[in-house]
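Undergrad: Have a look at the structure that comes next, please.
The values are calculated or read from the model by the stated rules, or taken from the named source; none is laboratory data. What you are looking at is a predicted structure, and each value in this text was computed from that prediction instead of being measured. With ideal geometry, Cβ positions are generated from the backbone for all residues, glycine too; neighbour counts draw on all protein chains shown. For the accessible areas, the whole protein counts, side chains as well, though only heavy atoms, and no ligand, DNA or RNA atoms are used. Shrake-Rupley method; radii C 1.70, N 1.55, O 1.52, S 1.80 Å.
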Amino acid sequence: MFAITGITGNVGGEVARNLLAAGRPVRAVVRDVRKGEAWAKRGCDLVGADINEAAALTAAFKGSEGVFVLVPPNFDPSPDFREARTTAATLSSALDAARPGKVVYLSTIGAQATHSNLLSQHAIIEHALRKLSLPITFLRPGWFMENSTWDLAPAKNGVIPSYLQPLDKPVPMVATADIGRSAAELLQETWSEHRVVELEGPQRVTPNEIASTFAHLLGRPVRVEAVARETWQSLFKLQGMRNPTPRIQMLDGFNEGWIEFEGGEVGSRKGNVTLQTVLRTLIERESKL
C-alpha cells in the first residue's frame, strides 16, 4: 500500500494514476473525504487527514510500503516561516511514529540555497525530515510549467508580463506529469538512508519561448514584457499579499542564478513532457470551461 497526500491535485493525482496503472494499491490521504470519493471509486483506500494533524497522519501512513508527501503551497508565509516549522514538526512526528517503508517528499529546486526566499519553507521541512532514520528521497523539481496557467489570458491579449528575467535566460522547468511519474517510479525503488533527486524537463525554457509557443498554439502574435522589479512589492501587495518579500527573493534567486540544482543541469534527471504539450493542454482545458 502506498499512501499519497495531495491526491486531489495535479502532482498527487499523477503519482496515484501511475501507481494504479502499475497495479499497486493506493491509500488516498485527503483533508476532505468527500473530495476523495472519485479515488475511492477507482479502488483507493480513502483516509481523512490534514497535513498538520499528527495523529491522523500517523494512522494514514502506518502500514504503508511508501508515502508520498506533498505539502500544500503557502505563497504568503509569515516572515519567520512559522507555518512551515509547524508542518515540519507534525510530519516528522507522524512519519517517525508510523515508520513507513520509505518516503518521497516533494521538495523544490533550490532547497539547498542559503539565501532566505519563498522556497526556504521546503528547506525547513527537509532539515527536519533528515533527522529521521527512514529511507527518504527529496524530490526537487524545477519551476512548474503549469505556472503558465496564469499566462494564458494575457497571451490571448498579446502580451505576457514576466517576473522571470532576463527574457532570454533559460529556466529549469518541468511538467507535473513528469513529476508524478518520477515520484511513482521512486516509490517503487529500493534505497537506504536519504537521497536527493533533482528533476527538470527535456530542455530549459526562456520567457521568450513561452510567448512564442503560445503564439504558435493560439495562431496570433504574442510577446513577453519584463515587469520592472521596483514595482513588484506594490503589485504583490495589491494582489493581497501581506508579506511579498519571500516571493521577491525567490524570483531574484531564479533570475540571478542562485536558485539552481545542486548538481546543475548536467546532474538533474530529465522528464519527457515538453512546454508545447503543457501549454496545449492548458489551452484545451480552458476552452472546455
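Undergrad: Restricting attention to the range 228-264, and to residues there that are among the aliphatic types (A, V, I, L, M) and not in a helix (DSSP H, G or I), which single residue is most open to solvent (accessible area, probe 1.4 Å)? Reasoning before the result, please.
TA: To start, the set of residues in the range 228-264 that are among the aliphatic types (A, V, I, L, M) comprises 228, 235, 238, 241, 248, 250-251, 259.
After this cut, where a residue has to be not in a helix (DSSP H, G or I) as well, the list is 228, 241, 259.
On the way: A228: 43, M241: 27, I259: 6 Å².
Among residues in the range 228-264 that are among the aliphatic types (A, V, I, L, M) and not in a helix (DSSP H, G or I), the one most open to solvent (accessible area, probe 1.4 Å) is A228.
Undergrad: Does the range 270-286 include one or more residues that are over 30 Å from L218 (Cα atoms), hydroxyl-bearing (S, T, Y) and either surrounded by 12 or more Cβ atoms within 10 Å (Cβ to Cβ) or touching a Pro at 6+ places or on another chain (Cβ under 7 Å) (or both)?
TA: Initial filter on the range 270-286 (over 30 Å from L218 (Cα atoms)): none.
So far as the range 270-286 goes, no, none of its residues is over 30 Å from L218 (Cα atoms), hydroxyl-bearing (S, T, Y) and either surrounded by 12 or more Cβ atoms within 10 Å (Cβ to Cβ) or touching a Pro at 6+ places or on another chain (Cβ under 7 Å) (or both).
Undergrad: Does the range 122-143 hold any residues that are of a type outside the set (S, T, N, Q), within 24 Å of K270 (Cα to Cα) and either crowded, with 19+ Cβ neighbours inside 10 Å or touching a Pro at 6+ places or on another chain (Cβ under 6 Å) (or both), and which are they? Outline the logic, then answer.
TA: Within the range 122-143, the subset of a type outside the set (S, T, N, Q) is 122-132, 134-136, 138-143.
Those still in the list that are within 24 Å of K270 (Cα to Cα) too: 122-123, 126, 135-136, 138-143.
If the condition is that a residue be of a type outside the set (S, T, N, Q), within 24 Å of K270 (Cα to Cα) and either crowded, with 19+ Cβ neighbours inside 10 Å or touching a Pro at 6+ places or on another chain (Cβ under 6 Å) (or both), then H122, A123, E126, I136, F138, L139, R140, P141, G142, W143 are the ones that fit.
Undergrad: Of the residues in the range 170-191, how many are under 20 Å from Q249 (Cβ atoms) and part of a loop (DSSP other than H, G, I, E, B)? Even if it seems obvious, please write down each step before you answer.
TA: Initially, the range 170-191 is screened for residues under 20 Å from Q249 (Cβ atoms), giving 171-173.
Now drop any that are not part of a loop (DSSP other than H, G, I, E, B), which leaves 172.
The number of residues fulfilling the criteria is 1.
Undergrad: Next up: State whether the residues of the range 31-48 include one that is assigned to a strand (DSSP E or B) and closer than 20 Å to S182 by Cβ. Break it down stepwise before answering.
TA: Taking the range 31-48 and keeping what is assigned to a strand (DSSP E or B), we get 45-48.
If we keep only those that are closer than 20 Å to S182 by Cβ too, we end up with none.
No, because not a single residue in the range 31-48 is assigned to a strand (DSSP E or B) and closer than 20 Å to S182 by Cβ.
Undergrad: Also: Sort out which residues of the range 88-104 are out of contact with any Ser or Thr (no Cβ under 8 Å at 6 or more places or on another chain) and open to solvent by 10 Å² or more (accessible area, probe 1.4 Å), and write them in order of number.
TA: Result: A89, T90, S92, D96, R99.
Undergrad: I need a count of the residues in the range 187-211 that are exposed (fewer than 15 other Cβ atoms within 10 Å of the Cβ) and more than 30 Å from A123 (Cα to Cα).
TA: The number of residues fulfilling the criteria is 0.
Undergrad: Answer yes if at least one residue in the range 105-121 is of a type outside the set (D, E, K, R), touching a residue at least 12 places away in the same chain (Cβ under 8 Å), assigned to a strand (DSSP E or B) and surrounded by 22 or more Cβ atoms within 10 Å (Cβ to Cβ), and no otherwise.
TA: Of all residues in the range 105-121, those of a type outside the set (D, E, K, R) come to 105-121.
Add one more test, that the residue is touching a residue at least 12 places away in the same chain (Cβ under 8 Å), and what stays is 105-113, 115-121.
Checking the rest, the ones that are also assigned to a strand (DSSP E or B) come to 105-106.
From what's left, surrounded by 22 or more Cβ atoms within 10 Å (Cβ to Cβ): 105-106.
Yes, the conditions are met somewhere in the range 105-121.
Undergrad: Considering (1) hydrophobic (A, V, I, L, M, F, W, C); (2) in contact with a Phe, Trp or Tyr (Cβ under 9 Å, 6 or more places away or on another chain); (3) part of a loop (DSSP other than H, G, I, E, B), say which one L167 fails and leave the rest.
TA: (2)
Undergrad: Which of the residues belonging to the range 144-167 are touching a helix residue (DSSP H, G or I) at 6+ places or on another chain (Cβ under 7 Å), of a type in the set (A, V, I, L, M) and open to solvent by 20 Å² or more (accessible area, probe 1.4 Å)?
TA: So in the range 144-167, the residues touching a helix residue (DSSP H, G or I) at 6+ places or on another chain (Cβ under 7 Å) come out as 144-146, 148-149, 151-152, 155-156, 160-165, 167.
Those left that are additionally of a type in the set (A, V, I, L, M): 145, 152, 155, 160, 164, 167.
The answer is L167, and nothing else.
Undergrad: Still on this structure, please answer the following. Across the range 31-41, which residue is farthest from S93 (Cα to Cα) among those that are open to solvent by less than 70 Å² (accessible area, probe 1.4 Å) and in contact (Cβ under 8 Å) with a residue 24 or more places away in the chain?
TA: W39
Undergrad: A further question follows. For R220, indicate whether it is open to solvent by 30 Å² or more (accessible area, probe 1.4 Å), out of contact with any Asp or Glu (no Cβ under 7 Å at 6 or more places or on another chain) and in contact (Cβ under 8 Å) with a residue 12 or more places away in the chain. Outline the logic, then answer.
TA: Numbers: open to solvent by 30 Å² or more (accessible area, probe 1.4 Å): yes; out of contact with any Asp or Glu (no Cβ under 7 Å at 6 or more places or on another chain): yes; in contact (Cβ under 8 Å) with a residue 12 or more places away in the chain: yes.
So R220 fits the description; yes.
Undergrad: Also, I was wondering about something else. With (1) touching a residue at least 12 places away in the same chain (Cβ under 8 Å); (2) not in a helix (DSSP H, G or I) as the list, and P73 as the residue in question, which single condition is left unmet?
TA: Against the list (1) touching a residue at least 12 places away in the same chain (Cβ under 8 Å); (2) not in a helix (DSSP H, G or I), P73 comes up short only on (1).
Undergrad: Checking C44 against (1) touching a Lys or Arg at 6+ places or on another chain (Cβ under 9 Å); (2) closer than 21 Å to I136 by Cβ; (3) crowded, with 20+ Cβ neighbours inside 10 Å, which test does it fail?
TA: With (1) touching a Lys or Arg at 6+ places or on another chain (Cβ under 9 Å); (2) closer than 21 Å to I136 by Cβ; (3) crowded, with 20+ Cβ neighbours inside 10 Å applied to C44, the lone miss is (2).
Undergrad: Out of the range 20-45, which residues are within 21 Å of the chain's Cα centre (by Cα) and among the charged types (D, E, K, R)?
TA: R27, R31, D32, K35, listed by residue number.
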